[in-house]
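Next up is a structure, given as structure tokens.
The values are calculated or read from the model by the stated rules, or taken from the named source; none is laboratory data. Only a predicted model underlies this, so the values are computations on that prediction, with no experimental measurement involved. Neighbour counts run over all protein chains shown; Cβ positions are idealised from the backbone, glycine included. Please note that ligands, DNA and RNA were not included when accessible areas were found on the heavy atoms of the full protein model with its side chains. Shrake-Rupley method; radii C 1.70, N 1.55, O 1.52, S 1.80 Å.
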Amino acid sequence: MTTEPTRRPLALVTGGTRGIGRAICEVLAPTHDLLVGGRDEAAVAEAVAALSTKGCTAHPFVAELSDDAQTAAAVDHAAEVLDGRLDVLVHSAGIARSGTVEELTREDWRVQLEVNVVAVADLTRRLLPALREARGQVVVINSGSGFLSRAGGGSYSASKFAVRALTDALREEERGQVRVCSIHPGRVDTDMQVDLQRSKGRAYDPDEHLRADSVAATVRLAVDASPEAMVEELSIRPVHP
């Protein structure tokens, strides 16, 4: 009698082509097959090819997540890979627009909330049946700005406060079915952080920031928690003030 091969767990990581998202893909690759999320088809293809050399099977998940039709099409396209089950959904895609209330337009607020909150809620909603089937886990890469807002950061913090409220509600709604973890990094050495510090006229020193793989390690911690345990919230900050 032959036995079916053991299915590797499957993780979808949005924003998986660079920065924190790419580091998360790298840290999960030894044990998980991957759906690599991104809006640039070429960048996603490069990441899929590179990750496929690390012992996992990687697949593309291409969509502009603020676009309803593209998100729906990407989920439909991934249906065969999912086969009704998703073990881990990591929301790492996001944008940061800084500016005072006086400076930011209605469109600035809409775009930031659409990408950082609405897209997270919508993609999660679409994948909840597969996550429930696997008794899976949702991990949201939030920010220290999800706890504290400063001058010039109201729009970004508003989106991160809102997505923290979303994860808190989702955790209680899905308790016992899907684990939900919210991770709050401080400043991370990524392209986004370089652009953000440049926009504020500050000198940039990568040694004063977290490494992306340090944040990825916290995702690994949450994913590796034993079945009866849920890492609900983690804050990770650089040593430098």
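Is the range 86-94 home to any residue that is part of a helix (DSSP H, G or I), in contact with a Leu (Cβ under 8 Å, 6 or more places away or on another chain), β-branched (Val, Ile, Thr) and under 21 Å from residue 21 (Cα atoms)? Before you say what the answer is, go through the steps one by one.
Residues of the range 86-94 that are part of a helix (DSSP H, G or I), as a first pass: none.
No, that holds for no residue.
For residue 112, are the conditions met, namely being closer than 24 Å to residue 25 by Cβ and open to solvent by less than 70 Å² (accessible area, probe 1.4 Å)?
Considered against the rule, which asks whether it is closer than 24 Å to residue 25 by Cβ and open to solvent by less than 70 Å² (accessible area, probe 1.4 Å), residue 112 comes out as no.
Does the range 34-47 contain at least one residue that is open to solvent by 30 Å² or more (accessible area, probe 1.4 Å), under 23 Å from residue 118 (Cα atoms) and of a type in the set (Gly, Ala, Ser)? It would help to see each step written out before you state the result.
Initial filter on the range 34-47 (open to solvent by 30 Å² or more (accessible area, probe 1.4 Å)): 39-43, 45-46.
In the following step, the residues that additionally are under 23 Å from residue 118 (Cα atoms) were identified as 39-41.
Checking the rest, the ones that are also of a type in the set (Gly, Ala, Ser) come to none.
No.
Still on this structure: Tell me whether the range 63-82 contains one or more residues that are open to solvent by 60 Å² or more (accessible area, probe 1.4 Å), part of a loop (DSSP other than H, G, I, E, B) and either out of contact with any helix residue (DSSP H, G or I) (no Cβ under 9 Å at 6 or more places or on another chain) or not hydrophobic (A, V, I, L, M, F, W, C) (or both).
So far as the range 63-82 goes, no, none of its residues is open to solvent by 60 Å² or more (accessible area, probe 1.4 Å), part of a loop (DSSP other than H, G, I, E, B) and either out of contact with any helix residue (DSSP H, G or I) (no Cβ under 9 Å at 6 or more places or on another chain) or not hydrophobic (A, V, I, L, M, F, W, C) (or both).
Sort out which residues of the range 154-190 are charged (D, E, K, R) and in a helix (DSSP H, G or I), and write them in order of number. First the steps, then the outcome.
Step one: list which residues in the range 154-190 are charged (D, E, K, R), which gives 160, 164, 168, 171-175, 179, 187, 189.
160, 164, 168, 171, 172, 173, listed by residue number.
Which of the following residues is over 23 Å from residue 125 (Cα atoms), surrounded by fewer than 21 Cβ atoms within 10 Å (Cβ to Cβ) and of a type outside the set (Phe, Trp, Tyr): 85, 7? Please lay out each step first, then the result.
Numbers: 85 fails: over 23 Å from residue 125 (Cα atoms).
Sole residue among the options that is over 23 Å from residue 125 (Cα atoms), surrounded by fewer than 21 Cβ atoms within 10 Å (Cβ to Cβ) and of a type outside the set (Phe, Trp, Tyr): 7.
Evaluate the following for residue 101: is it open to solvent by less than 40 Å² (accessible area, probe 1.4 Å) and either among the hydrophobic types (A, V, I, L, M, F, W, C) or without any contact (Cβ under 8 Å) to a residue 12 or more places away in the chain (or both)?
Working: open to solvent by less than 40 Å² (accessible area, probe 1.4 Å): no; either among the hydrophobic types (A, V, I, L, M, F, W, C) or without any contact (Cβ under 8 Å) to a residue 12 or more places away in the chain (or both): yes.
No: the conditions fail for residue 101.
Working only within the range 48-62, note down all residues that are open to solvent by less than 60 Å² (accessible area, probe 1.4 Å) and either in contact with a Ser or Thr (Cβ under 6 Å, 6 or more places away or on another chain) or among the polar types (S, T, N, Q) (or both).
52, 58
Residue-wise test of (1) modelled with pLDDT of 95 or more; (2) within 20 Å of residue 83 (Cα to Cα).
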| residue | (1), (2) |
| --- | --- |
| 4 | no, yes |
| 17 | yes, no |
| 21 | yes, no |
| 27 | yes, no |
| 32 | yes, yes |
| 46 | yes, no |
| 57 | yes, yes |
| 69 | yes, no |
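Looking at the range 209-221, which of its residues are among the aliphatic types (A, V, I, L, M), more than 14 Å from the chain's Cα centre (by Cα) and crowded, with 16+ Cβ neighbours inside 10 Å? Reasoning before the result, please.
Within the range 209-221, the first condition is being among the aliphatic types (A, V, I, L, M), and the residues that meet it are 210, 212, 215-217, 219, 221.
If we keep only those that are more than 14 Å from the chain's Cα centre (by Cα) too, we end up with 210, 221.
Of everything in the range 209-221, just one residue is among the aliphatic types (A, V, I, L, M), more than 14 Å from the chain's Cα centre (by Cα) and crowded, with 16+ Cβ neighbours inside 10 Å, namely 210.
Another question about this same structure. Could you grab me the full set of residues in the range 222-241 that are touching a Leu at 6+ places or on another chain (Cβ under 8 Å) and open to solvent by 80 Å² or more (accessible area, probe 1.4 Å)?
Scanning the range 222-241 gives a single hit, 237.
Provide a single number: the residues in the range 110-154 that are among the small types (Gly, Ala, Ser) and either in contact with an Asp or Glu (Cβ under 6 Å, 6 or more places away or on another chain) or closer than 15 Å to residue 86 by Cβ (or both).
Going through the range 110-154 one residue at a time, the tally reaches 3.
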